[in-house]
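Each reported figure results from applying straightforward, stated rules to the coordinates on display, with no laboratory input. Remember, predicted model here, so these are calculated numbers, not experimental data. Glycine also receives a Cβ, built like all others from the backbone with ideal geometry; neighbour counts cover every protein chain displayed.
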Amino acid sequence: MLKKLISAGGALVLGLALLTGCSSDQSKETSAKKLDKVTLAEVTHSVFYAPQYVAMNKGFFEDEGIKIDIINTDGADKTMAALLSGEAQVGLMGPEASIYVHQSNKNNYSVVFAQLTKRDGSFLMSRNAYPNFTYNDMKGAEVLGGRKGGMPEMTFEYVLKQQGLKLGKDKAKGEVNVRTDVAYGVMAGAFAGGEADFTTVFEPTATTMEKDGQGYIVASIGKDSGEIPYTAYATTRSYLNGNKDLIQRFTNATYKGQLWVQKESAENIATEIQPYFNDISHDDLVSVVNRYKSIDAWSSDPVLKEESLNRLVSVMKEAGELEGSVSYKDIVNVDFAENAIKNIK
């Protein structure tokens, strides 16, 4: 569980993948500027975060005087550990991570300052083809669900319950066995290796697996779960207080990316983010972008509203991962997002 892992220490596994965010058409004038380096720890590398990669490739961060370096941490627990240890200055992950930390650390906890996505970005993969899939087809099935207490696992279980399914290990009774013993970063590999009947994966992994004959995309968890503040940017309270101008500029760049993807076609979005997804063809990337556009996955602005956080809290409580109340003002600071909207047209 995230809060236990964080309290055990902020050490990260060495060898995290480092991705340098450089605009492909960065002007000489911009490159001559002294840019403030921000190490961004992202929970996974996915087309789900297209507005961020657009902001990087279009030079929106450089325009705000920021150079982005990305480390891919494969999990919100590791992303938060990177943030708390100082390995990263900003973390892209589910707001639930900030809630867990606040409950265990009332001093230098993390604060969410900008929302990026508003739905679950994972897709349900089946080992067998279901031309007319319904969730009733999962009765008695075994599923790789992700780390217990993480957003993918909690949202997925929420969807199953909303669909009237029972969770448990009694296959004869049609219960769905959601396994949480396989680490998020290796779920796709475990499924491809023969484990479980279903799993959930992000794009472009889902499309790649389907093309390789390793499974079939049968449902969108985000479409079926409804809107929820799934992924957001957070930093520690101490870093935010000491770097308000930098956080504002970071939020400005993020908002520019959000505005751009709202008005552009899947073809244009795919072209902009292609440098960060060289292992997938352009045509497939267009399909993946269209899949996320079709479920309205991306937030149109960076404001994480109180009612949205309350919906997340309800999901966490239903999953048995949260007790007590949560203060919106402790977890979220909307000042930077509101300033970005006010100043950027």
- When Trp298, Trp260 are ordered from fewest to most other Cβ atoms inside 10 Å of their Cβ, what list results? Trp260, Trp298
- Message: Let's see if you can work this out: charge +1 on each Lys and Arg Cβ, -1 on each Asp and Glu Cβ, no other charges. What is the dipole magnitude of the stretch 96-180 about its Cα centre, in debye to the nearest 20?
- Response: 120 debye
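Taking 1 over the mean of 1/r across every pair of different Cα atoms in the stretch 123-225, what Kirkwood radius in Å do you get?
13.4 Å
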- Task: In Å³ and rounded to a whole number, note down the convex hull volume per residue for the Cα atoms of the stretch 36-113.
- Result: 92 Å³
- With a 25 Å threshold on alpha-carbon distance, the violating pairs from Lys33/Lys118; Lys34/Lys78; Lys78/Lys139; Lys118/Lys329; Lys244/Lys305; Lys34/Lys305 are Lys33/Lys118; Lys34/Lys78; Lys78/Lys139; Lys34/Lys305
- Residues whose placed amide H lies under 5 Å from that of Ala219, excluding near-sequence neighbours: Leu124
- Message: Below 8 Å, C-alpha to C-alpha, sequence gap of six or more: please give me the relative contact order for the stretch 123-225 in percent.
- Response: 45 percent
- Query: How would you rank 51-57, 127-133, 189-195, highest first, on the average number of other Cβ atoms within 10 Å across their residues?
  - Reply: 51-57, 189-195, 127-133
- Each label point is 7 Å from the Cα along the Cα-to-Cβ direction; what then is the distance between the points at Tyr328 and Lys223, in nm? 3.1 nm
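Sort Asp279, Asp330 so that the residue with the fewest other Cβ atoms within 10 Å of its own Cβ comes first and the one with the most comes last.
Ordered from fewest to most neighbouring Cβ atoms within 10 Å, Asp279, Asp330 come out as Asp279, Asp330.
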- Among Val286, Val43, Val90, whose mean-square fluctuation peaks in a Gaussian network model of the chain (Cα, cutoff 10 Å)? Val286
- Can you tell which of Tyr328, Tyr158, Tyr100 shows the greatest fluctuation in a Gaussian network model of the chain with Cα springs below 10 Å? Tyr328
- Note on the structure: Taking Cα pairs closer than 8 Å and at least 6 residues apart, the relative contact order of the chain in percent is 25 percent
- Connecting every pair of Cα atoms under 10 Å apart in the chain and solving the GNM, the largest mean-square fluctuation among Gly185, Gly213, Gly86 falls on Gly213
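Hey, what number do you get for the chain at 222 nm if only DSSP H runs of n ≥ 4 count, each worth -39500 (n - 2.57), divided across all residues, to the nearest 500?
-11500 deg cm²/dmol
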